[in-house]
Amino acid sequence: MLADLSKLSAYDLDVVKKCIEASLDKRIIPEMEFSILMGVSHEEAKAIVEAWPALNSDDEITQMTIQGSMNNLIGYPHGKFDLIQHDYDIDTAQISEVYLKVTSSKSTPSSS
């Protein structure tokens with residue numbers, strides 16, 4: 001279960017959104033592998049971005065999309081880290097830091 005997303009800082013939410021957007025990038029996660037890696041369809045993840053910032057932390061698709069995108073960007077896209085940093089302005093350290101907040105049972109706004 002995810003932390004209450006409404007308690008995350010604007011910075012943290014921006015990182016989460018960028019992770020989902022990056023995971024939708026077919027250069028990073030090929031569409032044919034997307035649902036296997038993410039546990040949701042490409043269309044379901046795209047709908048989360050399109051509905052942004054109206055997120056329901058309790059929705060299973062939202063949870064799987066956020067966790068899947070962040071998990072996969074931390075370790076999966078071999079050789080794609082420079083692309084992620086250049087095109088989405090996030091790196092694995094930022095993703096890891098925010099991932100810990102997102103997956104904690106209690107979340108407090110950060111000062112970042």
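The values are calculated or read from the model by the stated rules, or taken from the named source; none is laboratory data. Remember, it's a predicted structure, so these values are computed and weren't measured experimentally. Counting neighbours? That spans all protein chains shown, and the Cβs are built from the backbone with ideal geometry, glycine included. What goes into the accessible areas is simple: the full protein's heavy atoms, side chains included, and nothing from ligands, DNA or RNA. Shrake-Rupley method; radii C 1.70, N 1.55, O 1.52, S 1.80 Å.
Tabulated data
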| quantity | calculated |
| --- | --- |
| Every pair of residues 6+ apart whose Cβ atoms lie under 7 Å, when the first sits in the stretch 30-58 and is charged (D, E, K, R) while the second is open to solvent by 40 Å² or more (accessible area, probe 1.4 Å) | Glu44/Ile61 |
| Matching option when the condition is surrounded by fewer than 19 Cβ atoms within 10 Å (Cβ to Cβ) and part of a helix (DSSP H, G or I), among Asp58, Asp82 | Asp82 |
| Neighbours by Cβ (under 7 Å, 6+ apart or cross-chain): first from the stretch 1-14, under 13 Å from Glu97 (Cβ atoms); second open to solvent by 10 Å² or more (accessible area, probe 1.4 Å) and among the polar types (S, T, N, Q) | Leu8/Ser107; Ser9/Ser110; Ser9/Ser112; Tyr11/Ser110; Tyr11/Ser112; Asp12/Ser110 |
| Verdict on Asp14 being among the acidic types (Asp, Glu) and in a helix (DSSP H, G or I) | yes |
| Every pair of residues 6+ apart whose Cβ atoms lie under 7 Å, when the first sits in the stretch 86-112 and is farther than 16 Å from Ala10 by Cβ and aromatic (Phe, Trp, Tyr) while the second is at pLDDT 90 or above and in a loop (DSSP other than H, G, I, E, B) | none |
| Residue, farthest from the chain's Cα centre (by Cα), within the stretch 5-41, restricted to residues that are open to solvent by less than 70 Å² (accessible area, probe 1.4 Å) and over 22 Å from Asp89 (Cα atoms) | Glu33 |
| Subset of the stretch 88-98 that is surrounded by fewer than 16 Cβ atoms within 10 Å (Cβ to Cβ) and not in a helix (DSSP H, G or I) - its residue that is modelled with the highest pLDDT | Asp89 |
| Checklist (1) open to solvent by less than 40 Å² (accessible area, probe 1.4 Å); (2) under 13 Å from Asp4 (Cα atoms); (3) not aliphatic (A, V, I, L, M) applied to Lys101, failing item | (1) |
| Given (1) open to solvent by 40 Å² or more (accessible area, probe 1.4 Å); (2) among the aliphatic types (A, V, I, L, M); (3) in contact with a Phe, Trp or Tyr (Cβ under 7 Å, 6 or more places away or on another chain), index of the condition Met70 fails | (1) |
| Boolean, Glu44 is more than 18 Å from Ser104 (Cβ to Cβ), at pLDDT 95 or above, open to solvent by 10 Å² or more (accessible area, probe 1.4 Å) and part of a helix (DSSP H, G or I) | yes |
